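What follows is calculated from the coordinates using simple rules that are stated; it is not laboratory data. Because the structure is a prediction, the values reported are computed rather than measured. Cβ: placed from backbone, ideal geometry, glycine included. Neighbour counts: every protein chain shown.
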Amino acid sequence: MSETPEQRSETGKPMVTATPRDIIHLRLASFVIFLALALGTLALVAKATVVAAVLGVIALIALVDVVFAVRRQRRLGRGPRSTG
């Protein structure tokens, strides 16, 4: 398995859109948010407010994880709205 050399910008920064770790965080967290909101809605319909509240907290934690992953990419200069 051979690896190709990483391309670099004129300033010397690696030209990658995101790190694999952040991609995993974004994809898994988005799935968790979707699932938690769907199950939370069903729990509210079934009048299981405690379960709905727990699922709401899980969705909020996943949302915070997404925000941190995007901020990490911006700080590294390779994410959305970066200047690198």
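Karplus-derived 3J(HN,Hα) values for region 33-44, using 6.51 cos²θ - 1.76 cosθ + 1.60 with θ = phi - 60°, are 4, 4, 5, 5, 5, 5, 5, x, 5, 4, 5, 5 Hz; glycine and proline are entered as x. Take each peptide in 43-54, 27-38, count the other Cβ atoms within 10 Å of every residue, and average; sorted highest first, the result is 27-38, 43-54.
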